[in-house]
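Reading through the structure tokens given below for one structure.
The values are calculated or read from the model by the stated rules, or taken from the named source; none is laboratory data. Predicted, not measured: the structure shown is a model, and the values here were computed from it. For neighbour counting, all protein chains shown are included, and Cβ atoms are generated from backbone atoms with ideal geometry for every residue, glycine included. These accessible areas exclude ligands, DNA and RNA; they are computed on the full protein's heavy atoms, side chains included. Shrake-Rupley method; radii C 1.70, N 1.55, O 1.52, S 1.80 Å.
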Amino acid sequence: MTLQQATPSVVASLAADLRRSSARQRVTCGGTADPRLLRIVDYIDAHLGDCELGEQMICDAFAMSRSTVYRLFQAHGGVARYIRECRAWLAHRHLAREPGCRLTWLLYEVGFASERQFQRAFLAQFGMSPADWRQACRQRARGSLLS
């Protein structure tokens, strides 16, 4: 049994949050976006937990050329960057909700292939390591319990 089979609601519920988030709104550029881009973003949201998710998987799923997919995501830093940022955002949200979560479990759950990849993406996006963020969330949780 894989982690995704064991806890399908973690990525699914966080991905639902992602669809309502500023990360999702970012691709709409003021309310207008290519309908193909919106369909791909929905697909990405649904498959974030899959570490194989990338431009090739998207090209295959939508019968598009790589150049078309790259062009659609060009304004967003590219498809790989968009996926990486979504995964880091999911991890960030999950740690805020569940600060006792193990980082190794979480990095694979949200689709990162390695700890190094996870650390770098998280640090680049949030300016702190996942461990530091988790510690801050733990302290905040302890503080709210004492108040």
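What net charge is computed for the residues neighbouring Arg66, neighbours being all others with C-beta under 11 Å from the C-beta of Arg66, Lys and Arg scored +1, Asp and Glu -1?
Working: positive: Arg71; negative: Glu55, Asp60.
Net charge in that neighbourhood comes out at -1.
For region 51-109, what is the accessible area per residue in Å², given a 1.4 Å probe and the full set of protein chains?
I get 49 Å² per residue for region 51-109.
Can you tell me how much longer the chain between Ser114 and Asp42 gets when fully stretched, taken as 0.36 nm per residue apart minus their C-alpha distance, in nm with one decimal?
23.5 nm
Just in region 29-101: which GluC sites (Glu not before Pro) are loop by DSSP and have at most 10 other Cβ atoms within 10 Å?
Loop-located and lightly packed - Glu52.
Want the number for Arg97 to Tyr70: 0.36 nm per residue separation, take away the alpha-carbon distance, what's left?
Gain on stretching Arg97 to Tyr70: 6.4 nm.
As a test of the definition: which semi-axes, in Å, follow for region 45-147 when you take the square root of five times each eigenvalue of its alpha carbon gyration tensor? Largest first, please.
The answer is 31, 13, 11 Å, longest axis first.
Calculate, for Ala61 and Ala33, the FRET efficiency according to 1/(1 + (r/R0)^6) with r their C-beta to C-beta distance and R0 25 Å; round to the nearest 0.05.
Working: r = 18 Å, r/R0 = 0.73.
Efficiency for this residue pair is about 0.85.
Taking all protein chains in place and a 1.4 Å probe, what share, in percent, of the accessible surface of region 76-133 do carbon and sulfur account for?
On the way: 1280 of 2690 Å².
After summing per-atom areas, the C and S share lands at 48 percent.
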